[in-house]
Amino acid sequence: MTDIEGFILLGGTSSRMGCDKAQLDLGGKQFVERISNALSDVAGLVSVVGAKEPISDWRLPNVGDVYPRWGALGGLHAALAACNSDWAAVVACDLPFASGELFVRLASFREDFDSVIPVQDEGWLQPLCALYRRDVCLPAVGDLIESGERRPRALINHVNARLVAASELSDLRDSHLFFMNINTPEDYDRARKSVISDIGSMT
């Protein structure tokens, strides 16, 4: 899909994890490698946003923040500002179970919308695992930041958003893991157990 570029948002201090989450290993690949591989199913180019120093192993371009220290919404703005395609697929680095099948499904809902955002069963929006139309969303995010807003989910009130219900993704493999957010050592331990369990179920 040549009209989509992929962006992995790093950012954050990883204070609860105690180390850089992006470089954690899961199933033999670092989080960024897993997400980059998944994004490659829909994106011709994948970049990271907000790397404090280049990671040569990733071999991915690094995009700097336009609004430093503005959190996830600042990272989304940086991705959209750097995007040279019609759409940006944006993913936080602490969602290592997001899959290529997920991004293909989300991309299929783009027609007539400006953003495509998954919604979990509990009603939680996932704006950091979503697709955004650059020409509409970039100025909208810029306006939100200038107004002092910091929450990515605020964008849905300013663009034509396609909210994707969990039931529209539930047939995909490991859909229950897509939005497992890895923030703490306990989260990481659960993620590794999920990978081991999945490997065991395939043998």
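Each value in this text was obtained by applying a stated rule to the coordinates, not by laboratory testing. Just so it is clear, the structure is predicted and the values come from calculations on it, not from any experiment. Glycine gets a Cβ as well: all are built from the backbone with ideal geometry, and neighbour counts include every protein chain shown.
Taking each DSSP H run with n ≥ 4 as -39500 (n - 2.57) and averaging over every residue of the chain yields -9000 deg cm²/dmol at 222 nm. Applying both filters, DSSP loop and at most 11 other Cβ atoms within 10 Å, to the trypsin sites (Lys or Arg not before Pro) of region 63-134 gives 69.
Once you sort the root eigenvalues of the Cα gyration tensor of region 4-201 as a ≥ b ≥ c, which label holds: rounded (a/c under 1.5), prolate (a/b larger than b/c) or oblate (the other case)?
Oblate.
When each of the peptides 36-46, 58-68 is scored by the mean number of other C-beta atoms lying within 10 Å of its residues, the order from highest to lowest reads 36-46, 58-68.
Here nothing in the chain passes the span test, since no DSSP H helix has an alpha carbon length of 27 Å or more along the helix axis and a Kyte-Doolittle mean of -0.5 or above. Summarising the amide proton neighbourhood of residue 47: residues at separation of 5 or more, or on other chains, whose placed amide H is nearer than 5 Å comprise 6, 7, 8.
Quickly rank 163-173, 120-130 as a protection proxy: mean count of other C-beta atoms within 10 Å, highest first.
With the highest mean Cβ count within 10 Å placed first, the list reads 120-130, 163-173.
Couplings for region 173-183, taken from phi via the Karplus curve 6.51 cos²θ - 1.76 cosθ + 1.60 with θ = phi - 60°, read 4, 6, 4, 5, 9, 3, 10, 5, 8, 9, 10 Hz in order; Gly and Pro are left as x. Between the amide H of residue 26 and those of 31, distances stay under 5 Å, these residues lying 5 or more places away or on another chain, with hydrogens modeled in the peptide plane.
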